[in-house]
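**Q** My questions will all concern the structure given below.
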Amino acid sequence: MSDQTVTPEATVTPETVVTPETAVTPEAVEAPAPAAVPAVPAMPEVPPGMPEVPPGPDASPKPPRRVLRAVARWTAAALAFGVLGTGTAFGIASLERTDVPGLATEDDGRWDYPELSLPALPAGSPRPFSAGNPAEIHHADLRDLLLPAPAGAVPDKKLTGGWISTETFLDAYRQQDRTSVAQLLRDAAPRHIAARGWTMPDGTTSRIYLVRFNSTAFASRLLDDLHVGASAGTPLDRTDTTELDGTWSSADNVENVSSFVFAEQAPFGAEHVRQAYTLAGDTVALVVHERAGKRETGRIPFQQTLILQNQLLA
């Protein structure tokens, strides 16, 4: 606010006040002459026996003032209802969706994973996809890059989140294909294999394998030799007809990694399987969800698991 003040020139002086001489007195105003009122003719009497005729619609019209009052009342009522409706709409819009009966969002089946964080790196070691790591090597402990189990999971006694042998990894494939896959691993010579598994209350079994190689070229070669790409390649154990999962889109991919996502198609056998391979620099991830029975394995928790695992690797 400015420091502006009223100057003396702006005050009212006594000379500006109207004096009694300049005021208008009642005697100065002439009263208007009363207007002549025309005589109203007397209403003729109704002859005996003749019924009285009610006045016509235009005989005594309602005063316009009554109409205006009625219109004003209806307008006020309409405005009141309008304000009430607006207030209700604003109240619903300001609520959370789950607070409005009938509009609550149903549980979409996601699992309750703990808060994730990237593991510490050895001193001076870069992240796998940083500018100082053109070979895309993961320097963190591979076991620390495994996705932890969600709430309510029962841990797998064989896949505890530690190192596993090549033979344990081969158990993921059908019996008749294990020899050929073993040969591929001997040729590629992985450095480490780590795995974690668990079972959820609905019977879904989850298994995650991380296989680290000496270079990105060896990791990529393994997927080529397994014929993973347009098809799931070498079949996993307990799978029948597995095809690309059309519900997975490029928008689901995590930067710097490539995923190949598949789902078993009906009719399937005693269980339904979803699987995915991810190529992340020098590491290949295999994520498997399966559930016994005729119900399909949940799509949303599977994709959730895959995305979170990919984020740890990226």
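**Q** Given the peptides 289-300, 181-192, arrange them by the average over their residues of other C-beta atoms within 10 Å, most packed first.
**A** For the peptides 289-300, 181-192, the packing ranking is 289-300, 181-192.
**Q** Tally Lys/Arg at +1 and Asp/Glu at -1 over every other residue whose Cβ is under 13 Å from the Cβ of R221; what's the total?
**A** Every neighbour counted, the sum reads -3.
Quick note: the coordinates plus some simple rules give every number you see, no bench work behind them. Just so it is clear, the model here is predicted, and its values are computed rather than measured. Heads up, the Cβs are rebuilt from the backbone with ideal geometry, glycines too, and the neighbour counts pull from every protein chain shown.
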